[in-house]
Structure formats: C-alpha cells, structure tokens
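Trainee: The structure's right below; bear with me while I get my questions together.
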C-alpha cells in the first residue's frame, strides 16, 4: 500500500551530497490511526519503514524491496495530532551487488523519534 498523498505529504525536500532531508506532514485522519490506537493515535513503525522505502524509491528512481531490516531504535512515539509535522533524513549508500544501505532518522521538535538501518534492492 502506497502511503504518499494519503498517510503523509512531503512539505519540504532538501538534497545534500549524501543525504536527503524531508519535512513531512502526517494525516491524523488516515484510517490506520483509527486502529493504532483508538483515541490515542501513534504512527506505526511499519508505516515509518514504508515511508522510508517510498522516499528511497523516489531518490533511486525505481521500485525497491527491503532485503533486511538491520536495526530499529525507537526513542519516542510520533502522535500525528500533537506533532503532525516531522523531519526525516535519509542517507542511501551503495553496497555490493545492486544493494543499498539506508540510514533514516525521524525527528520532531528537534528530538529523535526513531532510527532505522535497512538494506534495500531494486525489484528485478
């Protein structure tokens, strides 16, 4: 399920040498939040991973799949009502044999929310 334009919107994008920084707006009215959790919405980790995958696909110009989730570290929850605007920095580094290492950091109000290290590959 693609989340761009329904679950989140890109409001700002800055490309640097080895990193792309996004400011995204989370849609607190999205149906996912009705179930996660009713009356106390929290952005699911799996949705954060999907956001990273979609933005990495946009950067690399093709469809990708996640070969391995190397590390995930949650620092604080992201409440889309209290904090709908979130920063996301993504670094994509080529590895061996058509594989990329993706390092991503979600933050809000200058506080770390979640960090991810993934290995991704283009779809054959």
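The values are calculated or read from the model by the stated rules, or taken from the named source; none is laboratory data. Quick caveat, the model's predicted, so the values are computed rather than measured. FYI the Cβ positions are ideal-geometry reconstructions off the backbone, even for glycines, and counts take in every protein chain you see.
Trainee: Would region 20-37 turn up any residue that is exposed (fewer than 14 other Cβ atoms within 10 Å of the Cβ), over 13 Å from the mean Cα position of the chain (by Cα), modelled with pLDDT under 95 and more than 23 Å from residue 1 (Cα to Cα)?
Mentor: So far as region 20-37 goes, no, none of its residues is exposed (fewer than 14 other Cβ atoms within 10 Å of the Cβ), over 13 Å from the mean Cα position of the chain (by Cα), modelled with pLDDT under 95 and more than 23 Å from residue 1 (Cα to Cα).
Trainee: List the pairs whose first member sits in region 41-70 and is in contact (Cβ under 8 Å) with a residue 60 or more places away in the chain, whose second member is crowded, with 18+ Cβ neighbours inside 10 Å and in a helix (DSSP H, G or I), and whose Cβ atoms are under 9 Å apart, counting only residues at least 6 apart or on separate chains?
Mentor: Filtered contacts from region 41-70: 63/57.
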